[in-house]
1. If you count, for each residue, the other Cβ atoms within 10 Å and average over each peptide, how do 129-135, 144-150, 187-193 line up from highest to lowest?
2. Please give, to one decimal in nm, the separation of the simple spin-label points placed at residue 209 and residue 43, each 7 Å out from Cα toward the Cβ.
3. Per the 1.4 Å probe, what fraction of the accessible area of region 92-211, in percent, lies on carbon and sulfur atoms?
4. According to the Cα gyration tensor, what semi-axes, each the square root of 5 times an eigenvalue, does the equivalent ellipsoid of region 146-190 have, listed from largest to smallest in whole Å?
5. Report the Rg/Rh value for region 71-214, based on alpha-carbon coordinates and the Kirkwood definition of Rh.
6. Calculate the all-directions average of the projected area of region 59-129's alpha-carbon convex hull, and give it in nm².
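The values are calculated or read from the model by the stated rules, or taken from the named source; none is laboratory data. Just so it is clear, the structure is predicted and the values come from calculations on it, not from any experiment. All Cβ positions, even for glycine, are placed from backbone atoms using ideal geometry, and neighbour counts span all protein chains on display. Remember, those area values only see protein heavy atoms, side chains included, never the ligands or the DNA or RNA. Shrake-Rupley method; radii C 1.70, N 1.55, O 1.52, S 1.80 Å.
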Amino acid sequence: MSTTSPSATGGADGGQAGRPDAPPERRFEPDLRSMTRINLRPIASPMPLGFFTVAIASVMTGCMQLGLFETEARGAVALCVLPAFALQLLVSILAFGARDVIAATLMGVFAGSWLAYGLVMFSGAPDALRVLGVFNLALLCFGVLMTAVTGPKRALWLVLLVSLPRWATTGLSGLTGAEWLTRTSGALGLVVALVAMYTAFALMLEDMRSEEVLPIGRSGPAHAAVEGGLAVQLRNLERQAGVRRTL
C-alpha cells in the first residue's frame, strides 16, 4: 500500500488548510483476509465428565429425597454435592472453548444449581425447602427453553427431558411439603442418574473408538459434527464468537 508524503501535496495540510469544505483525509486499510490465520486447539470432550457428575450428584440428592438418609444427613449430602459445582464449571469452560454454546450453557447452569443446593442445604436455613422449591421451578423454565433448542444433540436433550419432571416435582414438593412429591422427585433423580450415566459411557466409548458404539441419536448439525469432514467443522468459522468483532 502506497502513502503520500506531505511534501508531495504542497505541505502538511495538502494545500487545503483553511477550507471549510475540505473533505476529511481518507485512510485505506489493506485486505487482511489473506494474512489472517485462525488457530484451533483440539481438546478432549469434557461432556462425559459433566454427565457422570450429574449422575453422581443426582444419586445423592435422590437418596435424600427417598428417605434413605436421616434429616441430620443434609449437611453431609450437601458436602458431597458441592464438588459437582467445580467439576461442571470446568466442563462449561472447556465447552465454551470447544465452541459449543449449548453444552457450555447447560453445564454452567447445572454447576450453579449444585452450588446453590449445597450451600442452602448446608446452611440449615429454616425455610430452605421452600427456597429450593422456587429455585427448581426457575430451573424448570430454563430447562423447557433449553429443550427446545437441543433436539439435534440427543444426549443433552434426553438428560434435559428426564430432568424436567424432576425439577417440577422438586419445586412443588418444596412449596407444598407433600411427602409423595418428595418421594417422586427422589425416584426421578435416580432416573436422571441412569440416563446421564448411560450418556457419559456412550460418549466415552465413542471418543475412544472414534465411532458411535452405543446409540445416542445425533441428528442434523450434531451428526455432521461427528461424521462430517474438517471442512464442515470450519464452515462459517468467521462468524463464530471469539472470531467476530462483537458477541
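1. Working: 129-135: 17.0, 144-150: 14.7, 187-193: 20.3.
Peptide ranking by packing, descending: 187-193, 129-135, 144-150.
2. Placing both labels 7 Å along Cα→Cβ, they lie 2.7 nm apart.
3. Values: 4260 of 5750 Å².
Reported share for carbon and sulfur atoms: 74 percent.
4. Values: eigenvalues 125, 21, 4 Å².
Each semi-axis is the square root of five times an eigenvalue, giving 25, 10, 4 Å.
5. On the way: Rg = 15.9 Å, Rh = 16.1 Å.
Looking at region 71-214, the ratio lands at 0.99.
6. Numbers: hull surface 19.4 nm².
Average of the hull's projected areas for region 59-129 equals 4.8 nm².
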